[in-house]
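Read through the structure below, which is laid out as structure tokens, and then see the notes.
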Amino acid sequence: MELSETSKIGNPSSLHSPGSLSRNILENARKTIAKKLNARTTEIIFTSGGSEANNTVINIFRNSTILASRIEHPSVLKPTEKLGNPCIKIPVSKEGFIDKSFLKNKLETFLQENPKEKILISVMMANNEIGTLEPIKALSKTVEEYRNKGLKNLFLHTDATQAFGKINIDVKKLKIDYMTISAHKIGGPVGIGALFLRSGTPFAPLILGGSQENNRRAGTSNALLAEGFRSAVQYTIDIESEKLFKEKITPLKDFLAKNIKKQIPSSILLTPNKSLPNILSFSFPAAEGESTQLYLDLENIAVSTGSACASGDLEPSHVIMATHNDAEIAHNSVRFSLGLDTQKSDIDILLDKLPPIINRLQKISTIKTKDVK
């Protein structure tokens, strides 16, 4: 769509020509996203982003049993804690993988005590901090197994916001019930996401009002954002982004991990082997993560930390606390995110700048460890 055409766009719910144009744009975007996921167009609901999509799913199961991994995004954990009855958090290993035995034991208990219980399992496809790829396909088989045993009201949600466009996702093969994606994670506009809702699964709208999105999400649909979303999705299809991430970015990530360990022996690798091709997380003892981030920023290198700062209170990453139960490891963590435009020269620059920064921070730190001289 050309920019000059935007003045012709109207309310998609209106019958006039500008409304018709907007409606066509919206449905073309829905069609492209459905094609990407191997879903039906009727199974795609546009939202304002991943957080709204996650909240929508949790809202469907308010006052029901909700099991969510301890490393879910806050937009899953916070509504789960408020609306789940009960809210059960699934433990994870040091690498971030869910405890399947814990989950199965809980399902066995529900099967014996209340087989008619309405239950939601929410496990993210890939963790946004450490990159762990959860066994979603195996999890969907577990769900199917327990449905056949008698838990007919058991459903599976996965937040695929971080994985979308980086690994192949086929909702039919995965046999999931609900899935969250977002446009800005694949280079699309901020402010739009989507929820995959498998046909026949329970649904209750989070936002009430008009009849937009087939009575599933009220509010005037934003055709411009939808077109941006469509364009970004089409781009991932055209360039086969998943293949590029695997063949180009994974070797760069492995090279970076190997050389960080070599140049900074005290560093702790937090990302497991089975992880996204573009995320690498390390903790550097006696080197506070935000300080590392600020020093790298001065070198025009953008990284993230495992710590979240809210209202001036520094809290350790709930993800790394769940995996390592160590506030120091969490506070000293740094996440490196690679993109399709990342080059070997970028990695070389990082490897040149990072070790002196960590060395400097460790020398001035009041915290000393046996691994830091």
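Where a number appears in this text, it was derived from the coordinates with a stated rule and is not lab data. Here the structure is a predicted model, which is why all the values come from computation and not from measurement. Note that we place each Cβ from the backbone using ideal geometry, even for glycine, and neighbour counts take in every protein chain shown.
Here are some notes:
- Full-stretch length increase - LYS137, ARG360 - with 0.36 nm per residue and alpha-carbon distance subtracted: 75.8 nm
- Volume per residue of the C-alpha convex hull in the chain, rounded to whole Å³: 154
- Whether region 241-364 is rounded, prolate or oblate, judged on the alpha carbon gyration tensor where a/c under 1.5 counts as rounded: prolate
- A crude spin-label estimate for the pair GLU81 and TYR235, with each label 7 Å from Cα along the Cβ direction, gives 3.6 nm.
- The chain - charge dipole about Cα centre, Lys and Arg +1 at Cβ, Asp and Glu -1, debye rounded to 20: 1040
- Degrees separating the helix 223-239 axis from the principal Cα axis of the chain, which is the longest one: 60
- Tilt relative to the chain, helix 250-263 - C-alpha long axis, 0 to 90 degrees, to 10: 30
- Protection proxy ranking, peptides 167-176, 49-58, average beta carbon neighbours within 10 Å, highest first: 49-58, 167-176
- Of the beta bridges in the chain, as assigned by DSSP with both residues counted there, near 60 percent are antiparallel.
- Paramagnetic reach from LYS173 (point 7 Å along Cα→Cβ, amide N under 16 Å) across region 221-243: 237, 240-243
- Counting 0.36 nm for each residue step from PHE255 to ASN273 and taking away their Cα separation leaves a gain of 5.2 nm.
- Counting neighbouring Cβ atoms within 10 Å and putting the fewest first, the residues TYR146, TYR178, TYR235 line up as TYR235, TYR146, TYR178.
- If R0 equals 25 Å, the separation of the Cβ atoms of PHE102 and THR201 corresponds to a calculated FRET efficiency of about 0.55.
- Förster-model FRET efficiency, 25 Å R0, GLU144 and ASN59, C-beta, rounded to 0.05: 0.55
- Mean Cβ count within 10 Å, highest first, over the residues of peptides 120-129, 278-287: 120-129, 278-287
- With helices as the sole contributors, the chain gives -12500 deg cm²/dmol at 222 nm; each DSSP H run of n ≥ 4 counts as -39500 (n - 2.57), and the sum is divided by every residue.
- Flagged links, alpha-carbon separation over 29 Å, of LYS106/LYS261; LYS104/LYS172; LYS89/LYS172; LYS94/LYS253; LYS173/LYS243: LYS106/LYS261
- Panel order for HIS157, HIS318, by other beta carbons found within 10 Å of each beta carbon, from fewest to most: HIS318, HIS157.
- Extension gain, GLU290 to LEU340: 0.36 nm times the residue separation minus the Cα-Cα distance gives 15.5 nm.
- Relative exposure of THR250, THR366, judged by other C-beta atoms within 10 Å (fewest first): THR366, THR250
- With Cα atoms defining each centre, region 33-50 and region 102-153 are spaced 23 Å apart in the structure.
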